[in-house]
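Shown next, in structure tokens, is the structure this report addresses.
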Amino acid sequence: MTIGAVLPIKDLGHAKQRLAGFLSGAERRLLCEAMAEDVLEVLSQIPALFDIIVVTRDARAGRLAARYGARVLEEPSNNGQSAAVKRAAAALGRAGVECLLQVPGDVPGASADEISEVLAAHAGGDEGGPAVTLVPSHDRRGTNCVLCSPPGVLPFAFGHDSFGPHCEAAWALGIVPTILPLPGLGLDIDTPDDLRAFVARPAEGRALDYLRESGIAARLLVTDAA
């Protein structure tokens, strides 16, 4: 089974607006770059991946992709995560790739072991039938990883409350989704509380290094004490 990974990266300069009250624009950009690079490095460690596609229109994200041997699928405008993944799914389908693995760029705690666990859990894929595997966010509202075969089988509906709709869409297609909660993939960074949770169960990498070296991790402790 050939698997293509898809990593959508929006304009880094305008990312993570929900952190705007805690981090400056420059801090958000640098954090997003570090998180995306952590995810790219993990994906580059998975031998089973036939292809890695970064969907973006940000030049800095394109340079990150090149550093890890990923190819860039440029999007004409920022139409959201669902549109970006749908665009990549179509490209993978045209290339004859059998399965799509979608991972967001804000899960710096994800590991190669977790990605491998998702691939191993993918029910039905080896038999050639349609299959969907979902990793929910830690609050079970969002969807932090999708593995589906064929690539365009699932109507993508990413957002803060996408997990339920993704499950319902799979069931509507007659597919019993495999649900796999995982601590690293499950923790996407959107709020200061997410940052605190990430720092509390650190996964070594660029994102954690940046949080420590920039003083953001220390600021999180100060606001906790207050």
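The residues of segment 168-197 that are under 21 Å from Ser116 (Cα atoms) and either of a type outside the set (S, T, N, Q) or part of a helix (DSSP H, G or I) (or both), listed by number, are Val176, Pro177, Ile179, Leu180, Pro181, Leu182, Pro183, Gly184, Leu185, Gly186, Leu187, Asp188.
Of all residues in segment 92-123 being within 28 Å of Asp11 (Cβ to Cβ) and free of Cβ contacts under 8 Å to residues at least 60 places away in the same chain, which is least open to solvent (accessible area, probe 1.4 Å)? Looking at residues that are within 28 Å of Asp11 (Cβ to Cβ) and free of Cβ contacts under 8 Å to residues at least 60 places away in the same chain, I get Gly93.
Results for (1) touching a Ser or Thr at 6+ places or on another chain (Cβ under 8 Å); (2) more than 26 Å from Asn79 (Cα to Cα); (3) hydrophobic (A, V, I, L, M, F, W, C), shown as yes or no for each residue.
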residue: His138; (1), (2), (3): no, no, no
residue: His166; (1), (2), (3): yes, no, no
residue: Ala172; (1), (2), (3): no, no, yes
residue: Gly184; (1), (2), (3): yes, yes, no
residue: Ala200; (1), (2), (3): no, yes, yes
residue: Val222; (1), (2), (3): no, yes, yes
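Taken over segment 92-112, the residue count meeting the criterion of being closer than 20 Å to Leu185 by Cα and not in a loop (DSSP other than H, G, I, E, B) is 5. The single residue among Leu195, Leu173, Leu185, Leu154 that is among the aliphatic types (A, V, I, L, M) and touching an Asp or Glu at 6+ places or on another chain (Cβ under 9 Å) turns out to be Leu185.
Quick check on segment 28-39. Is at least one of its residues under 27 Å from Ala131 (Cβ atoms), open to solvent by less than 40 Å² (accessible area, probe 1.4 Å) and at pLDDT 95 or above? Yes: segment 28-39 contains one or more residues that are under 27 Å from Ala131 (Cβ atoms), open to solvent by less than 40 Å² (accessible area, probe 1.4 Å) and at pLDDT 95 or above. Annotation for segment 9-31: no member residue is more than 23 Å from Ser214 (Cα to Cα), of a type in the set (Val, Ile, Thr) and not in a helix (DSSP H, G or I).
Candidates Asp58, Asp38, Asp51: the one that is in contact with a helix residue (DSSP H, G or I) (Cβ under 8 Å, 6 or more places away or on another chain) and under 23 Å from Cys148 (Cβ atoms) is Asp51.
One residue stands out among those in segment 80-91 that are more than 20 Å from Ala131 (Cα to Cα) and in a helix (DSSP H, G or I): the one that is least open to solvent (accessible area, probe 1.4 Å), which is Ala84. Among the numbered conditions (1) assigned to a strand (DSSP E or B); (2) open to solvent by 60 Å² or more (accessible area, probe 1.4 Å), the only one that Ala66 does not meet is (1).
Which condition breaks for His160 when tested against (1) more than 23 Å from Ala84 (Cα to Cα); (2) open to solvent by 60 Å² or more (accessible area, probe 1.4 Å); (3) out of contact with any strand residue (DSSP E or B) (no Cβ under 7 Å at 6 or more places or on another chain); (4) of a type outside the set (Lys, Arg)? Result: His160 passes all but (1).
The set of residues in segment 170-198 that are surrounded by fewer than 18 Cβ atoms within 10 Å (Cβ to Cβ), under 22 Å from Arg29 (Cα atoms) and aliphatic (A, V, I, L, M) contains only Ala197.
Pairing each residue of segment 1-25 that is more than 30 Å from Gly129 (Cβ to Cβ) and open to solvent by 40 Å² or more (accessible area, probe 1.4 Å) with any residue that is in a strand (DSSP E or B) and not acidic (Asp, Glu), provided the two are 6+ apart or on different chains, yields C-beta distances under 9 Å for Lys10/Thr56. In segment 205-226, the residues that are of a type in the set (Lys, Arg) reach residues that are modelled with pLDDT of 80 or more and assigned to a helix (DSSP H, G or I) with C-beta atoms within less than 6 angstrom, at least six apart or across chains, in these pairs: Arg206/Ala34; Arg206/Glu37; Arg206/Asp38. Of all positions in segment 207-218, none carries a residue that is within 16 Å of His138 (Cα to Cα) and β-branched (Val, Ile, Thr).
The values are calculated or read from the model by the stated rules, or taken from the named source; none is laboratory data. Being a predicted model, the structure only gives us computed values, none of them experimental. Because the Cβ atoms are built from the backbone with ideal geometry, glycine has one as well, and the counts that use them run over all protein chains shown. When the accessible area is computed, the model is the full protein with side chains, heavy atoms only, and any ligands, DNA or RNA have been set aside. Shrake-Rupley method; radii C 1.70, N 1.55, O 1.52, S 1.80 Å.
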